[in-house]
Amino acid sequence: MSTQLTAEQQQALKLDRNVSVTAGAGSGKTRILVERFLKIAIEQPGSLRRILAITFTKKAAGEMQERVASEVHHLLKDVTDVPSRRKLLRIRDQLSQTAVSTIHGFCARVLREYPIEAGLSPDFTEMDDLQQTVLIGQAIEDTF
C-alpha cells in the first residue's frame, strides 16, 4: 500500500494516536486515511466498530468507503495464507458497520442511537433543505 510517503503522511499512519488530516485537494488525504483505516483493521482485530472517519462532504465519505472496499477486494485477490484471508474476509463483511460519514451524518447517528439521552423524541426526523431554507429566512427576518 504505502509507497513514497512524505514524513507527514508517515506520521499519519502511526497508530499510537488519533489523527486529523488537513490538506489541500489532490494531496493524498483519502489515500492516507484509507491506508490508516486498513492498517487499524488488519493490525487490531475487532477494531472496525471503533474506527470513526469523518469528512466534510457525503461525496468524500462515499469515496473513502469505496476505496476501502476496493483495497480490501484487491488484497483478497493477492493473499494466499488462510489466516490473512480470513481476517480480510471479516473486514469486508463488517465494512457496512463502520462509521465513515460527514459530521452531520455522525451526529444524526449518535442522536438516533441515544434520542432519550439527547432529549429528543425517538422518532425525530432531520430537517430537509427546504425546511432549512425557510428557517434561515425566518431567522434573518427576525434579526432585522
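With respect to residue 120, determine if the residue is over 30 Å from residue 10 (Cβ atoms) and either open to solvent by 80 Å² or more (accessible area, probe 1.4 Å) or touching a strand residue (DSSP E or B) at 6+ places or on another chain (Cβ under 9 Å) (or both). Break it down into steps so the answer makes sense when it comes.
Numbers: over 30 Å from residue 10 (Cβ atoms): yes; either open to solvent by 80 Å² or more (accessible area, probe 1.4 Å) or touching a strand residue (DSSP E or B) at 6+ places or on another chain (Cβ under 9 Å) (or both): no.
No: the conditions fail for residue 120.
Can you pull out the residues in the range 36-78 that are assigned to a helix (DSSP H, G or I), under 12 Å from residue 98 (Cα atoms) and of a type in the set (Val, Ile, Thr)?
Listed by number, the list holds a single entry, 68.
When only residues in the range 1-34 that are part of a helix (DSSP H, G or I) and within 15 Å of residue 100 (Cβ to Cβ) count, which is most open to solvent (accessible area, probe 1.4 Å)?
Our first condition is that a residue be part of a helix (DSSP H, G or I); within the range 1-34, this holds for 7-12, 29-34.
Filter once more, keeping what is within 15 Å of residue 100 (Cβ to Cβ): 29-34.
Details: 29: 60, 30: 38, 31: 80, 32: 5, 33: 48, 34: 11 Å².
Looking at the filtered set, the residue picked out is 31.
Return the total of residues in the range 39-59 being in contact (Cβ under 8 Å) with a residue 40 or more places away in the chain and of a type outside the set (Phe, Trp, Tyr). If you could, list the steps in order and put the result at the bottom.
Step one: list which residues in the range 39-59 are in contact (Cβ under 8 Å) with a residue 40 or more places away in the chain, which gives 41-42, 45, 48-49, 51-58.
Checking which are of a type outside the set (Phe, Trp, Tyr) leaves us with 41-42, 45, 48-49, 51-55, 57-58.
Total satisfying the criteria: 12.
Specify which of the listed residues (106, 56, 37) is aromatic (Phe, Trp, Tyr) and open to solvent by less than 60 Å² (accessible area, probe 1.4 Å). Quick ask: steps written out before the conclusion?
Details: 106 fails: open to solvent by less than 60 Å² (accessible area, probe 1.4 Å); 56 fails: open to solvent by less than 60 Å² (accessible area, probe 1.4 Å).
From the options 106, 56, 37, the qualifying one is 37.
Consider the range 64-103. How many of its residues are over 18 Å from residue 47 (Cα atoms), surrounded by fewer than 14 Cβ atoms within 10 Å (Cβ to Cβ) and of a type in the set (A, V, I, L, M, F, W, C)?
Going through the range 64-103, the residues over 18 Å from residue 47 (Cα atoms) turn out to be 66-67, 70, 73-82, 102-103.
Subset that is surrounded by fewer than 14 Cβ atoms within 10 Å (Cβ to Cβ): 66, 70, 73-74, 77-78, 80-82, 103.
From the residues that got through so far, the ones that are of a type in the set (A, V, I, L, M, F, W, C) too are 82, 103.
The number of residues fulfilling the criteria is 2.
The values are calculated or read from the model by the stated rules, or taken from the named source; none is laboratory data. What you see is a predicted model, and the numbers here were worked out from it, not measured in a lab. Here Cβ is always computed from backbone atoms with ideal geometry, including for glycine, and neighbour counts include all displayed protein chains. To get the accessible areas, we keep the full protein, side chains included, count just its heavy atoms, and leave off ligands, DNA and RNA. Shrake-Rupley method; radii C 1.70, N 1.55, O 1.52, S 1.80 Å.
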